[in-house]
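Q: Can you read through this structure? Questions will come right after.
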Amino acid sequence: MGTESTFEVVHAVLSAEPISVDQAIAAVESDTAGAVVSFSGIVRNHDGGKPVERLSYSAHPTAHQVMADVVAALVAEHTPAGGPGGAPDSERDRPGGGGKSQPVRIWAAHRIGMLEVGDPALVCAVSAAHRGQAFEVCSELVDRIKAQVPIWKEQFFTDGTVEWVGAGE
């Protein structure tokens, strides 16, 4: 299943503007996709038993490049040895999807700046010919972004206290 796929990174950015799972899904849908898997990490109203009022995400100056690199590394690991993978563009893009290659499309964005409860902070969507691959790539994508992209969260609690998360890890 995975060895027959090419990959297209549609979007992999940090965004000061609002992001949405609907936007991500619309960007990766295609006629060759039998599955679209999405993830939306939402600002919740609590953490560690304390009520949260809002969050602010700060990014290291290299975070934009790290985000691109994390997605590129994931794509490279899922691409067959010997090149970008699958059939050449002319066969892959033929009407009816006549080639063996089914593109896996990836969309990912992490917010920076001030967010309110209910706002999406991290949104990812992956489309693939089959659900197993879409689930696998989306799950891996979320885990890698959270683990590797240098973004810190400042939590503002309703009692006036503030806590940084991710700093020094």
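The values are calculated or read from the model by the stated rules, or taken from the named source; none is laboratory data. Here the structure is a predicted model, which is why all the values come from computation and not from measurement. A quick note on method: Cβ atoms are made from the backbone with ideal geometry, for glycine too, and the neighbour counts reach across all protein chains shown. Just so you know, the surface numbers come from the protein's heavy atoms only, side chains and all, with ligands and any DNA or RNA stripped out. Shrake-Rupley method; radii C 1.70, N 1.55, O 1.52, S 1.80 Å.
Q: Are there any pairs, at least 6 apart or on different chains, whose C-beta atoms fall under 7 Å, with the first in region 23-47 and touching a residue at least 40 places away in the same chain (Cβ under 8 Å) and the second among the β-branched types (Val, Ile, Thr) and in a loop (DSSP other than H, G, I, E, B), and if so, which?
A: Pairs found: VAL43/VAL117; ARG44/VAL117; ASN45/VAL117.
Q: Might you let me know whether region 130-150 holds any residue that is open to solvent by 60 Å² or more (accessible area, probe 1.4 Å) and not in a helix (DSSP H, G or I)?
A: Yes: one or more hits.
Q: Looking at ALA12, is it under 23 Å from VAL70 (Cβ atoms), among the small types (Gly, Ala, Ser) and outside any strand (DSSP E or B)?
A: The answer is no for ALA12.
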